[in-house]
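Chemist: Mind having a look at this structure? Questions to follow.
The values are calculated or read from the model by the stated rules, or taken from the named source; none is laboratory data. No experiment lies behind these values; they were computed from the predicted model shown. Virtual Cβ from ideal backbone geometry, glycine too; neighbours counted across all protein chains shown.
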Amino acid sequence: MPRLAIYQPDIPQNTGTMLRLAACLAVPVEIIEPAAFDVSDRNLRRSGMDYLGHATINRHISWRAFEAWRQEHGGRLILATTKAAIPYSDFAYRPDDVVMVGRESAGVPDEVHAVADARVLIPMQPGMRSLNVAVTAAMVLGEALRQTRSFPNPAPSET
Ligand SMILES: C[S@@+](CC[C@H](N)C(=O)[O-])C[C@H]1O[C@@H](n2cnc3c(N)ncnc32)[C@H](O)[C@@H]1O
């Protein structure tokens, strides 16, 4: 099952959208701190994220702590970035990949770019700067789940 990593998020609403996406698709989430807001379980619940009980969220206090976790856990780091050459739908994903999105304000620093195992791009028409981070997460994770056949089994229909 591919994972989603959120690098130092700035905007709570975007993180909320991504956590909901992850809960619905049963995708584990790695949050890399510091964030611009309180990402504690208590605070996220207080802001009405009632589906949080269905999300698997691991918090990492820093980029270094996340990298230490990844050394132990394994999995390639696949960075979604506008500074990439490979269209996200041309990339071959693996079940243990970690798909990372960057900060709303600044993406990710060069250090993170440098260690990524692959960098993927959602192609846009000329003149457009970037997509919303949660939209990016949905598109890239959707492709990764499709390729790795990792979508959850839907609930049985009542009809
Ligand atoms: C609003 S963008 C960040 C813009 C930031 N000013 C920058 O220069 O990176 C937030 C994140 O969404 C993702 N993103 C947005 N558009 C993308 C695209 N077309 N292809 C791949 N990733 C994208 C990246 O992970 C990016 O770090």
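Chemist: For region 104-129, which positions are near the ligand (Cβ under 10 Å from one of its atoms) and on the phi > 0 side of the Ramachandran plot?
Modeler: GLY107
Chemist: Please tell me if HIS73 is within 16 Å of LEU21 (Cα to Cα) and more than 11 Å from the ligand (Cβ to nearest atom). Break it down into steps so the answer makes sense when it comes.
Modeler: Working: within 16 Å of LEU21 (Cα to Cα): no; more than 11 Å from the ligand (Cβ to nearest atom): yes.
Judged against the criteria, HIS73 is not a match.
Chemist: Another question, then. Could you go through region 17-35 and let me know if any residue there is without any contact (Cβ under 8 Å) to a residue 40 or more places away in the chain, touching a His at 6+ places or on another chain (Cβ under 7 Å) and small (Gly, Ala, Ser).
Modeler: Yes, region 17-35 contains at least one residue that is without any contact (Cβ under 8 Å) to a residue 40 or more places away in the chain, touching a His at 6+ places or on another chain (Cβ under 7 Å) and small (Gly, Ala, Ser).
Chemist: State yes or no: is VAL27 over 17 Å from ASN132 (Cβ atoms), part of a loop (DSSP other than H, G, I, E, B) and within 12 Å of the chain's Cα centre (by Cα)?
Modeler: Values: over 17 Å from ASN132 (Cβ atoms): yes; part of a loop (DSSP other than H, G, I, E, B): yes; within 12 Å of the chain's Cα centre (by Cα): yes.
Spelling it out, VAL27 is indeed over 17 Å from ASN132 (Cβ atoms), part of a loop (DSSP other than H, G, I, E, B) and within 12 Å of the chain's Cα centre (by Cα).
Chemist: Now for a different question. Residues ALA92, ALA55, ALA137: which one is more than 10 Å from the ligand (Cβ to nearest atom) and at pLDDT 95 or above?
Modeler: On inspection, the qualifying residue turns out to be ALA92.
Chemist: Take region 146-159 and flag every residue that is hydroxyl-bearing (Ser, Thr, Tyr) and surrounded by 15 or more Cβ atoms within 10 Å (Cβ to Cβ).
Modeler: THR148, SER150 - these are the residues of region 146-159 that are hydroxyl-bearing (Ser, Thr, Tyr) and surrounded by 15 or more Cβ atoms within 10 Å (Cβ to Cβ).
Chemist: Right, ARG20: of a type in the set (Lys, Arg), surrounded by 17 or more Cβ atoms within 10 Å (Cβ to Cβ) and within 11 Å of the ligand (Cβ to nearest atom) or not?
Modeler: So ARG20 does not fit the description; no.
Chemist: For region 52-99, enumerate the residues that are of a type in the set (Lys, Arg) and more than 16 Å from GLU111 (Cβ to Cβ).
Modeler: Within region 52-99, ARG59, ARG76, ARG94 meet the criteria.
Chemist: Turning to a different aspect of this structure: When you check ILE78 against the structure, is it exposed (fewer than 15 other Cβ atoms within 10 Å of the Cβ), within 11 Å of the ligand (Cβ to nearest atom) and among the hydrophobic types (A, V, I, L, M, F, W, C), yes or no?
Modeler: The answer is no for ILE78.
Chemist: Evaluate region 41-63: report whether one residue or more is over 22 Å from VAL135 (Cα atoms), out of contact with any Cys (no Cβ under 8 Å at 6 or more places or on another chain) and among the hydrophobic types (A, V, I, L, M, F, W, C). Lay out the reasoning, then the answer.
Modeler: Quick first cut of region 41-63, residues over 22 Å from VAL135 (Cα atoms) only: 41-43, 45-46, 53, 60-63.
Now restrict to residues that are out of contact with any Cys (no Cβ under 8 Å at 6 or more places or on another chain): 41-43, 45-46, 53, 60-63.
Now drop any that are not among the hydrophobic types (A, V, I, L, M, F, W, C), which leaves 61, 63.
There is at least one residue in region 41-63 that is over 22 Å from VAL135 (Cα atoms), out of contact with any Cys (no Cβ under 8 Å at 6 or more places or on another chain) and among the hydrophobic types (A, V, I, L, M, F, W, C).
Chemist: Also: Please work out which one of (1) of a type in the set (D, E, K, R); (2) within 10 Å of the ligand (Cβ to nearest atom); (3) surrounded by 11 or more Cβ atoms within 10 Å (Cβ to Cβ) is the condition GLU143 fails and give its number.
Modeler: (2)
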